[in-house]
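The values are calculated or read from the model by the stated rules, or taken from the named source; none is laboratory data. Just so it is clear, the structure is predicted and the values come from calculations on it, not from any experiment. Cβ sites come from the backbone with ideal geometry, for glycine too, and all protein chains shown count toward neighbours. Ligands, DNA and RNA are excluded from the accessible area calculation, which covers all protein heavy atoms including side chains. Shrake-Rupley method; radii C 1.70, N 1.55, O 1.52, S 1.80 Å.
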Amino acid sequence: MLIDTFGRTIDYLRVSVTDRCNLRCEYCMPEEGMPRLPHANILTYEEIEAFLRVAVAEGVRHVRLTGGEPLARLGVVSLVEKLAAIPDLEDLSLTTNGLLLAGQSEALRAAGLKRVNIGISSLDPDTYHTITRGGALQEAMNGLEAAVKCFRTVKVNVVVMQGISDTPAPFLELTRRYPVEVRFIEYMPIGPKDSSSAYVPMGEVLRRLEALGPFEAAGDSVGNGPANHRLRIPGAPGSFATITPVSEHFCAACSRLRLTSDGHLRLCLLVRGEVDVKSALRPQPDPERIRELLHQSVAAKPAGIAQGTDVRGRGMSQIGG
Ligand code: SAM
Ligand code: SF4
């Protein structure tokens, strides 16, 4: 078991398979000039598997593949297949913008993927095009429809931004049409957009949601995320929930580490501090060294964000949101 100095069990690893992306969402990346990690620095699928075999043996039970855009990396289905074969790994999921999902959903499910989260922060085609800087909403919706056919649990990530994606009504309509869990997520100050103009406190979103009720409790969410207030429109197949990384930190219950695509373990999304584990993977994976670095990382995991925390440094797409 991996237990940190604050008594938290660390059993969840988010793995960024690439820092590249086919979109440039306003809340995640600058429009231009996003530095790219050199190809040679990106972990191979074999290296990711070698790391995870040790991590699972030490107590990791949940793995989420993310990025950048994980489906933009060639052969990600083969990575899913490798990871799904690791004994004791209980949950394997993926976060995607959905653009390439329609063509890969079936293969991902067959390879052993259990769940999918799709980032769609506006259901208006023009607004979607603007905030993603060029994305076609229809492609993401095709991905969502394919995912709903293949997976029992599909969640939709909505980053709430002032004046852009702060109208929850269209997303409630989505829960009437599809068995998805919509998660309204507070904008985190890790994005390139000036947070004072983008951030909407979740209390405000909840007030807007209340006006659209009545709702009923929808029970616990599948997975190990920090979603709360899970509700549904009576009779609707889908549900919605809120995630409040800013107004209500969930650091005390944090169970996760992140592996960046260039082989660094990030101990907390919002606090700088990474451990280089690539050195234990090259030239050949060294399981004993991986184990040591993993335990060292868990021991160094900070309590969480505190006032005055310096949240600059690597962006969401580089760390693996
Ligand atoms: N490309 C995939 C996607 O868009 O879902 C996976 C990587 S993306 C970094 C993972 C998630 O991070 C997105 O779904 C989005 O919900 C979230 N995200 C990105 N920037 C954010 C921000 N500034 N605040 C809150 N969430 C953010
Ligand atoms: Fe790409 Fe996802 Fe970041 Fe949007 S949120 S730019 S889709 S990595």
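With the dipole of the stretch 12-319 worked out from charges on the C-beta (+1 for Lys and Arg, -1 for Asp and Glu) around the Cα centre, which of 50, 13, 201 lies farthest toward the positive end?
So the residue we want is 50.
Sort 19, 88, 220 by heavy-atom solvent-accessible area, probe 1.4 angstrom, most to least.
Ranking 19, 88, 220 by accessible area, largest first, yields 220, 88, 19.
Calculate the tail of P(r) for the chain: the fraction of all Cα-Cα distances greater than 31 Å, expressed in %.
The share of Cα pairs beyond 31 Å in the chain comes to 27 percent.
Based on Cβ point charges of +1 for Lys and Arg and -1 for Asp and Glu, what charge dipole magnitude is obtained for the stretch 37-117 about its Cα centre, in debye rounded to the nearest 20? Before the final figure, lay out each step's value.
On the way: 8 positive and 10 negative charges, 40 e Å.
So the dipole magnitude of the stretch 37-117 works out to roughly 200 debye.
What length, rounded to one decimal in nm, is gained on full extension from residue 41 through to residue 204, with 0.36 nm per residue of separation minus their alpha-carbon distance?
Working it through step by step, the gained length comes to 54.5 nm.
Just give me a number: lysine pairs in the stretch 12-319, eight or more positions apart or cross-chain, with C-alpha atoms less than 22 Å apart.
Lysine pairs meeting both conditions in the stretch 12-319 amount to 5.
I'd like the per residue volume of the convex hull spanned by the Cα atoms of the stretch 87-130, given in cubic angstrom. Mind dumping the intermediate values first?
Working: hull volume 3.3 nm³, N = 44.
Cα-based convex hull of the stretch 87-130, divided per residue, equals 74 Å³.
Just to confirm my understanding: which cysteines in the chain have no other cysteine beta carbon less than 4.7 Å from their beta carbon?
Lone cysteines by the Cβ rule: 21, 150, 251, 254, 268.
What net charge do the residues around residue 283 carry, taking every other residue with its C-beta under 14 Å from that of residue 283, with Lys and Arg at +1 and Asp and Glu at -1?
Net charge around residue 283: 0.
Among residues other than residue 302 whose Cβ falls under 10 Å from its Cβ, what is the net charge (Lys/Arg +1, Asp/Glu -1)?
Charge balance in the 10 Å sphere: +1.
Multiply the residue separation of residue 212 and residue 167 by 0.36 nm, subtract the distance between their alpha-carbon atoms, and state the gained length in nm to one decimal. Intermediate results must be reported in sequence, preceding the final value.
Details: separation 45, 0.36 × 45 = 16.20 nm, distance 1.07 nm.
Length difference between fully extended and current span is 15.1 nm.
Just reorder 178, 187 by solvent-accessible area, largest first, 1.4 Å probe, all chains present. Could you put the intermediate results ahead of the total?
Details: 178 25, 187 5 Å².
Ranked list, largest accessible area first: 178, 187.
Any idea of the accessible area per residue across the stretch 12-319, 1.4 Å probe, to the nearest Å²?
Working: 12850 Å² over 308 residues.
Per residue, the stretch 12-319 has an accessible area of 42 Å².
Need one number: % antiparallel among DSSP beta bridges in the chain, to the nearest 5.
25
Using a simple charge model, +1 on the beta-carbon of Lys and Arg, -1 on the beta-carbon of Asp and Glu, nothing else, what dipole does the stretch 100-228 show about its Cα centre, in debye to the nearest 20?
On the way: 13 positive and 14 negative charges, 87 e Å.
For the stretch 100-228, the charge dipole is close to 420 debye.
Report in % the part of the accessible area of the stretch 129-255 that belongs to carbon and sulfur, leaving out ligands and nucleic acids; probe 1.4 Å.
52
Nothing charged except the Cβ atoms of Lys and Arg (+1) and of Asp and Glu (-1): what's the magnitude of the dipole of the chain about its Cα centre? Round to the nearest 20 debye.
So the magnitude is around 220 debye.
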